[in-house]
Amino acid sequence: MCLVDIEKSPKLQIACNTRVADGMVVHTTSEKTKAAQRAVLEFLLVNHPIDCPVCDQAGECKLQEYYMDYDRQRSRIPLPEKVHKKKAKPIGPLVILDQERCILCSRCVRFVDEVTHTSELAFYQRGDHVELDLAPGKVLDNPYSGNVVDICPVGTLTNRDFRFRARVWYLERTPSVCGACANGCNIEIYHREGRIFRFQPRKNSDVNQYWMCDAGRMSYRDLQGEGRLLNPFVRRGSEFVRATWESALGQVAGRLGDLARTHGPGAVGIIVSAQAANEEVFLLRRLAARLEARLAGIAWSPPDADHDDFLIKGDKNPNTRGLALQGLTSDAGEILTAAARGDLRALVLHRVDVTRWCDEIAARAALERVPCLVVLDGQQRETVEYADAVLPIASYAESEGTFTNHAGRVQRFQAAVVPPGEARPGWQVLGGLLALLTGEAAPPSAEMAFQALARESAAFRGLSYATLGETGAPAPLVS
């Protein structure tokens, strides 16, 4: 399809592998070039099935686009005489193969040979009976198998999770960052009417090139499953009572402020996880300063977490480096110990389930002993059962903010969908609490919170949402 007509050349040349020379004259739309492009496209379509109305690649199929741009002619091969091959053949947990649609471009074969080095796919037979298939005894189940779907230009390889769930021309795309581990792969979130349908990798040569792992690709389901916190709640006696945001924030700010004034420095403890954005961490630091509270960060990951030398990091938190750059150490255990001893009058947990990263018995003892427990989270976790106030906050797919990946690169994520129920972005909730405690105006946006962070912290100085763009920038202290 890249044949071009070069003057003084006896025949057409492929533009992709022809060196430019001084004085060269190239024609890309001459009749000779167009005839060759039509001929190449006809060869590609000779045995291609007429699946467009039922093919899940419709709307993002390069063959469809080329046909409309360069061909638009009837096939000279009657449909019954086309070579038939296997259709809808599962070849792995995430991928389905349709051999009839394959145009033998070899992108998928080269990916599993040169990128993952697992070699699950190959071509077999000869002539027009050549077919893509699994290598003997293999299954396409490497940690990056979903990428072969992204690079397939036609409907040969399709995603079993996304297949037939939505037509792509109905979906919107929002640039974001994957929050499944510390690598921070750049992604696009495909969504419609408040529902996320898939994650796909977005090019960033400094982070993930063109790829993403299957675990990150499928992590979208955890963001919108059952168990989301939808409304603010406060405890009255032994029961939770639904509250308005104004009432809940007022009660939390009033209780924390009273306890801090009455019992002095260190009476309030705050623990934030590395699931929180840089803006949320910054506002929690300001909250801790106002309350003279103990503040700690935690970056917990399962002890058997997957990792490799390519993209997958064993740290399953998107902002561990962001916590470190803001000076938060992992002394959260000391705060829990103080709570269990009865030395704390209030404990604030931000995106943290303490029963997962420390001894469950000790965690429960601390949660039961502390007189006032405030939980800011997006998921229904065990800690919620002990809370005196529950403030539902949005996920990174529902809010704006930044994460700092393992290499110190600060990257933006943007809101793709609205938070469910009455949940609000974390920066907005924390800004509201600060405003009630200090009397100062809350930051009107995540961007303004980041600007304040950049002014206050040398680790982020000089950065802004504008300078970060869509691919991020290194934090000054690690650049």
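The values are calculated or read from the model by the stated rules, or taken from the named source; none is laboratory data. Here the structure is a predicted model, which means the values were calculated and not measured. All Cβ positions, glycine included, derive from the backbone under ideal geometry; neighbour counts span all protein chains shown.
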Going through the range 457-467 in order, the residues found to be under 17 Å from ARG321 (Cα atoms) and surrounded by fewer than 17 Cβ atoms within 10 Å (Cβ to Cβ) are ALA458, ARG461
With the condition kept exactly as written, say whether any residue in the range 146-166 is over 30 Å from ARG412 (Cβ atoms) and among the hydroxyl-bearing types (Ser, Thr, Tyr). yes
Residue list for the range 439-456, restricted to those being out of contact with any helix residue (DSSP H, G or I) (no Cβ under 6 Å at 6 or more places or on another chain), in contact (Cβ under 8 Å) with a residue 12 or more places away in the chain and either more than 21 Å from GLN275 (Cα to Cα) or buried (at least 17 other Cβ atoms within 10 Å of the Cβ) (or both): GLN451, GLU456
What is the residue count in the range 308-346 for residues that are aliphatic (A, V, I, L, M), modelled with pLDDT of 95 or more and assigned to a loop (DSSP other than H, G, I, E, B)? 2
Within the range 347-364, restricting to residues that are within 26 Å of the chain's Cα centre (by Cα) and in a loop (DSSP other than H, G, I, E, B), the one that is modelled with the lowest pLDDT is ASP353
Determine which member of the set ARG321, ARG236, ARG242, ARG261 is within 25 Å of the chain's Cα centre (by Cα) and either exposed (fewer than 14 other Cβ atoms within 10 Å of the Cβ) or within 30 Å of PRO143 (Cα to Cα) (or both). ARG321
Considering only the range 468-477, I want to know if a residue exists there that is buried (at least 22 other Cβ atoms within 10 Å of the Cβ), modelled with pLDDT of 95 or more and over 15 Å from the mean Cα position of the chain (by Cα). no
Would you confirm, using the coordinates I've provided, whether SER301 is in contact with an Asp or Glu (Cβ under 7 Å, 6 or more places away or on another chain) and hydroxyl-bearing (Ser, Thr, Tyr)? yes
So for the range 105-120 (the condition being crowded, with 17+ Cβ neighbours inside 10 Å, among the small types (Gly, Ala, Ser) and modelled with pLDDT of 95 or more), does at least one residue qualify? no
Confirm whether PRO425 is closer than 30 Å to SER205 by Cα and not acidic (Asp, Glu). yes
Just to be sure before I move on: is GLU368 free of Cβ contacts under 8 Å to residues at least 60 places away in the same chain and over 18 Å from ALA332 (Cβ atoms) in the structure I sent? no
Within the range 226-284, residues part of a strand (DSSP E or B), out of contact with any His (no Cβ under 9 Å at 6 or more places or on another chain) and closer than 18 Å to GLU398 by Cβ come out as ARG228
Find the strands (runs of 3 or more DSSP E) located wholly in the range 144-193 whose residues include 2 or more that are over 24 Å from PHE111 (Cα atoms) and either at pLDDT 95 or above or in contact with a helix residue (DSSP H, G or I) (Cβ under 7 Å, 6 or more places away or on another chain) (or both), and list them. 172-177, 186-192
Please determine whether any residue of the range 12-35 is small (Gly, Ala, Ser) and closer than 25 Å to VAL130 by Cα. no
When you scan the range 50-59, how many residues do you find that are on the phi < 0 side of the Ramachandran plot and surrounded by fewer than 18 Cβ atoms within 10 Å (Cβ to Cβ)? 6
